[in-house]
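See structure below.
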Amino acid sequence: MKKIILITALFLSVFQCRVFSQSCCGGSFYDIAVLSLDKHALFNAGVNYENFSGSWNQKGTWNKLSNTSWQMRPVIAGAYRFNKFLQAGITIPFVINRNNLQGLDPQASGIGDLTLSGRFELFHEYQRYKSGDGYKIDSRKPYLAVTFGLTLPTGKSDETAETETKITGKGVFSTLLGLSAVKSLIQKKLQVGLDLNWQHNFQKTYDKIYNMPLSEQQTKKLGDRVNFGLSLIYLINDIHAASLSVGGFRQGNYKINGITGGDSDEGSLNFSGSYTYYPMPNLRITPTFKWFMPKDNFGKNAPGSTVYTVNFVYYIEY
């Protein structure tokens with residue numbers, strides 16, 4: 001149980017849903033929850049509420065939002081462990097947009113972008129190994145995994161959505177490749193985790209924009225993106241854990257017909273905290289709070305928000 005709490009607390013504190021403002025790119029990119037070695041599969045149901053408070057401009061200056069704009073994302077997910085090294089999963093989000101901007105629909109909803117993702121685990125902490133006639137515990141190696149994913153454009157993008165409020169997806173295929181590491185500072189009590197991944201967005205050719213035909217086709221290429229996170233996880237006891245983390249992203253220039261957009265080169269920094277509780281051995285409840293600091297130089301060409309999330313995860317053991 002302790003190992004499960006530590007791994008899942010790390011995952012949730014670093015890789016909460018990474019989303020974009022409904023006035024920018026729509027829906028979300030999700031990662032699956034992580035299975036420990038003694039878990040065979042999981043089913044997740046959760047909800048994510050994000051209240052947009054403003055944005056940073058090209059110079060990193062914070063501009064407070066004068067209107068109300070928020071997004072809610074109910075999500076269902078599943079994951080399956082194939083063997084000691086490989087696990088994979090699927091995440092299906094539903095996106096609900098609300099705002100009071102003049103000229104836009106006040107509300108809209110629809111399915112978001114579906115994500116397939118997984119990890120190949122190179123090392124596990126505190127594993128037994130053969131030594132002479134007996135076995136020893138390896139306390140030096142960290143938990144280390146290669147993470148990967150594919151996002152499918154199942155949501156509505158600015159190509160088919162009639163207005164910005166109706167955008168629920170990015171409209172392009174995305175791949176993800178990264179590393180996830182966890183190392184115990186105090187066994188079964190305190191851990192530090194580091195996650196780093198690269199997200200590649202494929203080019204898309206548009207015949208229409210906001211569901212209106214274009215006079216000629218245009219190509220759009222979102223910039224590639226690097227996501228990072230550093231977490232500290234404290235195990236309170238067998239059924240309670242807490243974590244604090246700092247994370248962020250940096251995204252390269254986007255191009256339309258080969259011309260770089262003026263508000264390209266995005267990035268932001270965020271802070272989050274989560275609490276994990278097991279009311280029963282196979283059920284986990286994790287609320288999370290995520291905050292983008294509304295100050296100058298904590299972002300660039302990116303929205304800022306406050307995010308509240310709660311996830312309910314049911315595990316199936318071997």
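Any read-out appearing in this document is the output of simple, stated calculations on the displayed coordinates, not a laboratory observation. Bear in mind that the values here come from a model prediction, so they are computed numbers and not experimental data. No Cβ is skipped: glycine too gets one built from the backbone with ideal geometry, and neighbour counts run over all protein chains shown.
Residues of region 63-78 with the amide nitrogen closer than 15 Å to a label point 7 Å from the Cα of residue 102, along Cα-to-Cβ, please. Counting backbone N atoms under 15 Å from the label point, the list is 66-68.
Once the gyration tensor of the Cα atoms in region 99-206 is diagonalised, the equivalent ellipsoid follows with semi-axes of 45, 16, 10 Å, ordered largest first. Checking the a/c ratio against 1.5 first, then a/b against b/c, what shape does the Cα gyration tensor give for region 219-292? Verdict is prolate for region 219-292. Taking the fewest neighbouring Cβ atoms within 10 Å as the starting point, the ordered list for 113, 158 is 158, 113.
Comparing mean-square fluctuations of 236, 76, 137 from a GNM of the chain with C-alpha springs under 10 Å, the top value falls on 137.
All alpha carbon pair distances within region 260-318 were sorted into 10 Å bins beginning at 0; the resulting P(r) in whole percents reads 19, 32, 23, 17, 8, 1.
Positive end of the dipole of region 2-317 (Cβ unit charges, origin at the Cα centre): among 72, 116, 181, the Cα lying farthest that way belongs to 181. Overall, the chain carries a charge dipole of about 860 debye about its Cα centre when +1 sits on the Cβ of Lys and Arg and -1 on the Cβ of Asp and Glu, all other atoms neutral. In terms of other Cβ atoms within 10 Å, 228, 292 run from fewest to most in the order 228, 292. Which of the aspartates and glutamates could be linked to residue 156 by a straight reach, that is with a Cα gap under 14 Å, when you skip same-chain ones fewer than 8 residues away? Once the sequence-local aspartates and glutamates are set aside, what remains near residue 156 is 113, 164. Out of every Cα-Cα pair that region 2-317 contains, those further apart than 27 angstrom amount to 43 percent. Could you state, as a whole-number percent, how many of the C-alpha pairs of region 119-180 are farther apart than 17 Å? Roughly 63 percent, once rounded to a whole number. Straight-distance candidates among the aspartates and glutamates for linking to residue 208, with alpha-carbon spacing under 13 Å and chain neighbours fewer than 8 residues away dropped: 158, 159, 162, 216. List the aspartates and glutamates whose Cα sits under 19 Å from the Cα of residue 136, skipping any in the same chain fewer than 8 residues away. Excluding near neighbours in sequence, the set is 125. Against the main long axis of the alpha-carbon atoms of the chain, helix 2-14 sits at an angle near 20°. Ordered by the count of other Cβ atoms within 10 Å of each Cβ, fewest first, 198, 70, 56 give 198, 70, 56. Among 255-264, 210-219, 308-317, 241-250, sorting by the average number of other beta carbon atoms lying within 10 angstrom of each residue, highest first, gives 241-250, 308-317, 255-264, 210-219. Taking Rh as the Kirkwood radius computed over C-alpha pairs, what is the Stokes-Einstein D of region 175-318 at 25 °C in a medium of viscosity 0.890 mPa s, expressed in µm² per second? Here the translational diffusion coefficient equals 134 µm²/s.
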